[in-house]
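One structure below.
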Amino acid sequence: MITDTSAAHRPVQARERLLEAADELFYDEGIHVVGIDRIIEKAGVAKATLYSTFGNKEGLILAYLQARLERRQTRISAAIAKAKTPRDRVLAVFDVLSAYINDPRFHGCADINASAESESGSAVEAAVQTSRRWRRSLFVDLVRDAGAKDPEVLAGQLELLYDGAMVAARVDGSADAAKVAKATATALLDTALGQ
């Protein structure tokens with residue numbers, strides 16, 4: 001088998017290596033603690049490659065957050081697609097959360113972690129808000145499809161459960177946090193749907 005090592009393929013490979021290194025280091029240690037030199041060393045690329053690919057460290061942070069959002073969207077979309085009823089589609093989000101929390105690499109919510117380190121009005125804060133708006137919109141759509149009379153209120157409650165489970169799992173080490181959140185979400189849904 002011949003491997004194509006042409007210049008056209010190298011930037012993509014370097015970009016992926018940089019994102020992989022950033023994902024590991026930013027998520028495990030924090031976005032401000034980890035310097036560019038550690039990322040380029042782990043990725044095995046030149047500093048100029050990082051700058052030509054992402055512009056600067058903030059550009060890399062934004063790409064890291066976007067990649068994590070896209071992976072989360074893929075996982076949640078797949079779980080929702082397997083659910084049989086609108087109610088089950090809502091609860092599937094909490095099943096995905098449970099798998100995430102129980103992953104050995106779990107270090108809390110990347111968005112919450114990045115938000116804690118970002119300045120008000122920064123591009124990083126805006127990226128975190130984009131992720132949160134997506135999740136809120138998802139919950140609104142799912143509970144509306146399930147028949148909730150006030151989808152905005154119920155979606156807000158579910159979002160608080162989701163966030164609370166994430167924080168409890170990280171801060172308290174509660175491996176059951178997502179299960180508790182799902183049980184509470186089930187009770188909220190049953191009440192809202194008159195079941």
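If only residues of region 181-195 that are of a type outside the set (Lys, Arg) and surrounded by 16 or more Cβ atoms within 10 Å (Cβ to Cβ) are counted, the one that is nearest to the chain's Cα centre (by Cα) is Ala181.
When the residues of region 36-72 are filtered to those that are without any contact (Cβ under 8 Å) to a residue 12 or more places away in the chain and closer than 20 Å to Ser118 by Cα, the one that is nearest to the chain's Cα centre (by Cα) is Gly59.
Output the residue which, of all residues in region 89-131 that are in contact with a helix residue (DSSP H, G or I) (Cβ under 9 Å, 6 or more places away or on another chain) and acidic (Asp, Glu), is farthest from Asp190 (Cα to Cα). This residue is Glu119. Here Val153 meets each of (1) in a loop (DSSP other than H, G, I, E, B); (2) surrounded by fewer than 15 Cβ atoms within 10 Å (Cβ to Cβ) with one exception, condition (1).
Any read-out appearing in this document is the output of simple, stated calculations on the displayed coordinates, not a laboratory observation. What you see is a predicted model; the values in this text were computed from it and never measured. Cβ coordinates were reconstructed from backbone atoms using ideal geometry, including for glycine residues, and neighbour counts include every protein chain displayed.
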